[in-house]
1. For n ≥ 4 DSSP H runs only, could you compute -39500 (n - 2.57) per run for the chain, divide by its residues and tell me the 222 nm figure to the nearest 500?
2. Quick one: Cα convex hull volume of the stretch 83-156, Å³ per residue?
3. Please compute the contact order of the stretch 86-191 in relative form: average sequence separation of alpha-carbon pairs under 8 Å and at least six residues apart, divided by the residue count, as a percent.
4. Per residue and in Å³, how big is the convex hull formed by the alpha-carbon atoms of the stretch 1-81?
5. Name the long-range amide H neighbours of SER19: under 5 Å, sequence gap of 5 or more, or other chain; modelled H, no Pro or chain starts.
6. Testing the spin-label approximation: label points 7 Å from Cα along Cα→Cβ at VAL62 and LEU259. State their distance in nm.
7. Considering only the other residues whose Cβ falls under 13 Å of the Cβ of PHE130, what net charge follows from Lys and Arg at +1 and Asp and Glu at -1?
8. Stokes-Einstein D for the stretch 205-260 at 37 °C, 0.692 mPa s, Kirkwood Rh over Cα pairs, in µm²/s?
Amino acid sequence: MATNKDAFRDYLLLEKKYSSHTVTAYCNDIASFELFNTIHFDQENIEQVNYSQIRTWIVSLVDDDISNTSVNRKIASLKAFYKFLLKTKQIEVSPLLKHKALKTPKLLQIPFSEKELEDALSHVQNPVGFEEIRNKLIVDLFYTTGMRRTELIHLKVVNVNLSGGTVKVLGKRNKERILPVLPIIINQFSLYLKERSSVLSIVDGDYFFLTKKGLKLNDSFVYRLINSYFSAVSEKVKKSPHILRHTFATHLLNNGADLNSVKELLGHSSLASTQIYTHSSLTELKKVYEDAHPRNQK
């Protein structure tokens, strides 16, 4: 007989269309609370808990040096579970109805400057061989399309349209979107595909980007690649695919792109998500300030 947790998992996968990774994270958080509740309150049925019990769990997480951001994510999983129980009339009131999220510091995501991009890519102006050509293309594709890491990893060969100059990516909640690609990237696509065909043993042939062993890329490989490219040219703490996505959006907005267009390119469901990119870089802000202020000595 299916449990509420089984039904909740199906709901997230089939109705909400969350990725399997997200669903697993939600279910792990719920299982963690269930175990805590069993040990500390001798109660296995978390459908009937009160907020005091949840608060005790929150305190224990904080005492274990779990960050407020991580605690909030775990509580978000519980909220989703109790919202599902409300929807299916398993409960009448959520125990988290009046819960307020823990305060978290706002982390400033500083994009790469245009010079940093140029410097990073200048080391491989004329890449040679499968790996160099692939790696440069990955960096360029992140910067010129703003796609997410998982979207790049799961990009399929059939979704790269060389003649049309577009790629089709599968974003969050399985939402597809078509991204325009610059002519310089199309040329790199052609060069990469030629080298790709020389890979001796292709295992994951449906996927566009492969390792030299013919396997689909993974998250850590892509992160290490971006980090290595920018470590020599940037002193920023974070040097990740997400910062390249952030850089893409910031540079477009700095050069006159409108917010709605950037929203569509990024695949955001609302403008609120895109508005975090509207701040100018510190360098750009300083330049505008110095150029505009009447007291600045020319």
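Every read-out reported here was derived from the displayed coordinates using simple, explicitly stated rules and does not represent laboratory data. What you see is a predicted model, and the numbers here were worked out from it, not measured in a lab. Cβ coordinates were reconstructed from backbone atoms using ideal geometry, including for glycine residues, and neighbour counts include every protein chain displayed.
1. That comes out to -16500 deg cm²/dmol.
2. On the way: hull volume 13.1 nm³, N = 74.
With only Cα atoms used, the stretch 83-156 gives 177 Å³ per residue.
3. Rounded, it is 17 percent for the stretch 86-191.
4. Taking the convex hull of the Cα positions in the stretch 1-81, it is 95 Å³ per residue.
5. Amide H neighbours of SER19, under 5 Å, 5+ apart: ARG173.
6. 3.4 nm
7. +3
8. Here the translational diffusion coefficient equals 246 µm²/s.
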